[in-house]
Amino acid sequence: MKKQEEKISSKENSPDKQNKHLVKVNIRCRKCFMVEGYLPDENTCKHCGSIIYRIDIY
Ligand SMILES: [Zn+2]
């Protein structure tokens with residue numbers, strides 16, 4: 001009897017595709033107190049332009 005080889009496609013199903021998903025966090029500005037969703041590379045308020053802080057997550 002001949003054994004049939006099974007095709008293993010390991011490169012097609014990569015499970016860590018969702019790792020690079022950008023996450024918005026709601027941060028409240030210390031100056032104008034507006035709450036807005038900010039991406040990790042944003043660090044200024046969208047309303048008044050002052051610096052926002054990651055520890056101010058709303
Ligand atoms: Zn502001």
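Every number here is computed from the coordinates shown, using simple stated rules; none is lab data. Values in this document were obtained by computation on a predicted structure and should not be read as measured data. As a convention, Cβ positions derive from the backbone with ideal geometry for all residues, glycine included, and neighbour counts pool all protein chains shown.
Assorted remarks:
- Rounded to the nearest whole Hz, the Karplus-based 3J(HN,Hα) values (6.51 cos²θ - 1.76 cosθ + 1.60, θ = phi - 60°) of segment 36-48 follow the sequence 9, x, 10, 7, x, 9, 9, 9, 10, 5, 6, 9, 10, with x at glycine and proline.
- Surface/4 estimate of mean projected area, convex hull on alpha-carbon atoms of segment 17-58, nm²: 2.9 nm²
- Ranked packing of 27-35, 43-51, most packed first, by mean Cβ within 10 Å: 27-35, 43-51
- Approximate spin-label separation Lys24-Asp41, in nm, with each point projected 7 Å along Cα-to-Cβ: 1.7 nm
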